[in-house]
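Note sheet for the following structure.
Read-outs throughout are calculated quantities, based only on the coordinates presented, and are distinct from any laboratory measurement. This is a predicted model, so every value here is computed, not measured. Cβ: placed from backbone, ideal geometry, glycine included. Neighbour counts: every protein chain shown.
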Amino acid sequence: MRLSRLSRTVLASLTGVILAVMYLPLAVVFVNSFSTSQSLTWPPPGFTLEWWGRAFRSAGALEAILTSVQIALAATAISLVLGTLISLALQRYRFFGRDAVSLLVILPIALPGIITGIALNNAFRTILGVQLSILTVIVAHATFCIVTVFNNVIARLRRLGTSLEEASADLGAGAWTTFRLVTFPQLRSALLAGGLLAFALSFDEIIVTTFTAGAGVTTLPIFILNNLFRPNQAPVVSVIAVVLVLGSIIPIYFAQRIAGADGMRSRGTER
Amino acid sequence: MTSETSARTHPASAFLHRHVRVRLGLLLSAPLLWLGLVYIAALAALLITAFWTVDTFTGQVRIEWTLDNIVTVISGSLYQAVTLRTVGVAVVVTLIDIAVALPIAFFMAKVASKRWQRILVIAVLMPLWASYLVKAYAWRSVLSQDGIFAWLVEPFGGSTPGYGLHAAVITLAYLWLPYVILPIYAGLERVPDSLLEASGDLGANSWRTFRSVVLPLLWPAILAGSIFSFSLTLGDYITVNIVGGTSQLLGNLVYTNVGAANNLPLASAISLVPIAIIFVYLAAVRRTGALSNL
């Protein structure tokens, strides 16, 4: 678009200011992880590496990260399967109740976490009579992760059309072979993007987790919440946060590259 | 002829090909069983609990049908005030997020070079990976009496808003901002550049083009983003605990009644309020096609 020089400059500087505000709290967390002050005073009275050393020796933190990774992986795997199935059904077929099904997928994320949390807590304990454990957390997380996979896959299916699958069937491939060799490769990057979001969503979830985790299950957010207001532990939590943000660059970078390469390929074929 | 050979080699596939209903059933049965059994059943059970009562002696839920909880929530002045406050906060947070997201999303989608576009998307996504709790706590430290905000504005005679409803609004708007930027950015990407050029050729200035061409096409995406900020605010209680001082939102009332007060029926009755608000909101937003823009 032919924007005037002035509007370009205004937009660019607004973008700069917004990003600065977005990163200000993260920068504060970063600096605090080196600060000698435990009560987060600004400017920091002095600098120390003590918290970094403590964080890496903290067995509780490492265990919590492992628990969170396990839960997020399991929840992501379930939501990948269910999300793909439901998006194939909604995109390829017209049937009675289709709108209701699409609302049903969105509902677990549209309704507040505390409602999902107490509803599942009540159902697990009083209706099903199940002990809360790591499994109940996985079931709860998978339920609200389905939507991220669903959104990515259905957007891809809309763009793909069915001609390649029809060609595959005409050439003698069975339904499973067609899915494995034709549909799945075209969905791969959408599945990756949806799966990554699902993983992130589950990894950071605190409210639903509070209500569905068994007594011995400490995910990373629960560990953080338990330690946030302990004076000796708050800087250690800052260290964990810094490590997580820096670590997240790697998956985001790869997701971007795959999405970028994918976008170019599809543009190449469309024109 | 080819389909005959495949029918001979893949009888199951051929059967599926001829029976659309069976195919659909196979695709839908697992996800619908999961969502129906796990989620809808749980939700329905919770809603029914709102019509039960708690035994004052044992603290156990007693199955005795009553409208008392509903009446308490609808007519209690505390609940009315908190509902109004929560909806107000959710609306303000959503408006702030849309106002902030529009310029940055527009710059990303229509002004920045391909290279910068990719960098900016990463920059917007990265804060999502910092823990929600840590970000809320970071704002607690930013806004504290001897935090960086006070340090920055005090030379100019300003002061920190301190902990309270304002701090809660700022923090919630900050937390949900990436969720609002991303759908709006995706929506802008779908607006063809040629339309903007045509509008410019016909004599419209940037602002007129934005208002008459971009905004109407972008509505579904903006509303899709607003679903996140609105509904996430409606149920939040942790951020409010961390930076909100003594102010309470609906989420806090539900939480206290589940935990300390141990009154699940009343908590269920209170949670009917955000459920109803969100259903009305989703129904209103659905016509614009926003739900397929999430």
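With runs of 4+ DSSP H residues as the only contributors, calculate the mean residue ellipticity of chain A at 222 nm using -39,500 (n - 2.57) per run, divided by the residue total and rounded to the nearest 500. Spell out each step's value before the answer.
Values: 12 runs with 204 residues, N = 271.
It comes out at -25000 deg cm²/dmol, rounded to the nearest 500.
How many percent of all Cα-Cα pairs in the range A:118-238 sit more than 24 Å apart?
Looking at the range A:118-238, the distances longer than 24 Å represent 51 percent of pairs.
Would you grab the residues whose amide H sits under 5 Å from the one on A:SER35? Only those 5+ places off in sequence or on another chain, please, with H modelled 1.01 Å from N.
Result for A:SER35 returns A:THR48.
Which of the chymotrypsin sites (Phe, Trp or Tyr not before Pro) found in the range A:17-60 are in a DSSP loop and have at most 15 neighbouring Cβ atoms, other than their own, within 10 Å?
Loop-located and lightly packed - none at all.
Checking understanding here: applying a Kyte-Doolittle mean of at least 0.5 and a length along the axis of at least 18 Å (C-alpha), which whole DSSP H helices in chain A pass?
Span-like helices here: A:5-32, A:59-92, A:98-110, A:134-160, A:184-204, A:234-270.
Which net charge results when you count Lys and Arg as +1 and Asp and Glu as -1 among the other residues whose beta-carbon is under 14 Å from that of A:ALA241? Mind showing how you got there, number by number?
Working: positive: B:LYS135, B:ARG140; negative: A:ASP204.
Net charge in that neighbourhood comes out at +1.
With θ taken as phi - 60° and the coefficients 6.51, -1.76 and 1.60, list the Karplus ³J(HN,Hα) couplings across the range B:166-172 in order, rounded to whole Hz; mark glycine and proline as x.
These are the phi-based 3J(HN,Hα) values: 4, 4, 5, 4, 4, 5, 5 Hz.
Compute the separation of the alpha-carbon centres of the range A:109-133 and the range B:67-104 and state it in Å as a whole number.
If you average the Cα positions of each part, the centres end up 24 Å apart.
Can you show me the helix-derived [θ] at 222 nm for chain B, built from DSSP H runs with n ≥ 4 at -39,500 (n - 2.57) apiece and divided by the number of residues, rounded to the nearest 500.
The helix-only estimate for chain B comes to -22000 deg cm²/dmol at 222 nm.
For the range A:16-108, state which trypsin sites (Lys or Arg not before Pro) are in a DSSP loop and have at most 13 other beta carbons lying within 10 Å of their beta carbon. Walk me through the intermediate numbers first.
On the way: sites: A:ARG54, A:ARG57, A:ARG92, A:ARG94, A:ARG98; in loops: A:ARG94.
Filter output for the range A:16-108: A:ARG94.
Could you work out the Kirkwood radius for the range B:16-116, taking every pair of different alpha carbons, averaging 1/r and inverting it, reported in Å?
Result for the range B:16-116 stands at 19.6 Å.
Just to check I understand the Karplus step: with θ = phi - 60° and J = 6.51 cos²θ - 1.76 cosθ + 1.60, what whole-Hz values come out for the range B:213-224, glycine and proline as x?
Running phi through 6.51 cos²θ - 1.76 cosθ + 1.60 with θ = phi - 60° gives 10, 5, 4, x, 6, 8, 3, x, 5, 4, 5, 4 Hz.
Would you please give the residues with an amide H less than 5 Å from that of B:VAL54, counting only those at least 5 places away or on a separate chain, with H modeled from the backbone geometry?
Those qualifying (amide H under 5 Å, at least 5 residues apart or on another chain) are B:ARG62.
In units of 2.2 N^0.38 Å, what is the alpha-carbon radius of gyration of the range B:76-293? Before the final figure, lay out the partial values.
Working: Rg = 19.9 Å, N = 218, 2.2 N^0.38 = 17.0 Å.
Rounded to two decimals, the normalised Rg is 1.17.
If you build the convex hull over the alpha carbons only and average its shadow over all orientations, what do you get for chain A? Give it in nm² to one decimal.
20.7
Principal axes first, then extents: for the Cα atoms of the range B:73-122, list largest minus smallest coordinate on each axis, whole Å, largest first.
Extents along the principal axes, in whole Å: 56, 16, 10.
Give the long-range amide H neighbours of B:ASN263: residues separated by 5 or more places, or on another chain, with amide H under 5 Å away, using H modelled in the peptide plane at 1.01 Å from N.
Long-range HN contacts for B:ASN263: B:VAL258.
Once each part is reduced to its C-alpha centroid, what is the distance from the range B:256-273 to the range A:24-82 in angstrom?
For the range B:256-273 versus the range A:24-82, the Cα centre distance is 32 Å.
Filter the chymotrypsin sites (Phe, Trp or Tyr not before Pro) in the range A:68-132 down to the DSSP loop ones having no more than 10 other Cβ atoms within 10 Å, then list what survives.
When the chymotrypsin sites (Phe, Trp or Tyr not before Pro) of the range A:68-132 are filtered for loop state and at most 10 Cβ neighbours within 10 Å, A:PHE96 remain.
Rounded to the nearest 20 debye, what is the charge dipole size of the protein assembly as shown about its Cα centre when +1 sits on each Lys and Arg Cβ and -1 on each Asp and Glu Cβ?
So the dipole magnitude of the protein assembly as shown works out to roughly 1440 debye.
Could you run the Debye sum over the Cα atoms of the protein assembly as shown, one equal point scatterer each and no solvent, and tell me log10 of I(q)/I(0) at q = 0.06, 0.11, 0.12 Å⁻¹, two decimals?
-0.33, -1.11, -1.30
What are the ³J(HN,Hα) couplings of the range B:152-162, residue after residue, when phi is run through the Karplus curve with 6.51, -1.76, 1.60 and θ = phi - 60°? Round to Hz, x for glycine and proline.
6, 9, 4, x, 9, x, x, 8, 6, x, x
Which longest uninterrupted range of chain B lacks any chymotrypsin sites (Phe, Trp or Tyr not before Pro) assigned by DSSP to a loop state (not H, G, I, E or B) and surrounded by at most 10 other Cβ atoms within 10 Å?
Longest site-free region, per DSSP loop and neighbour criteria: B:66-294.
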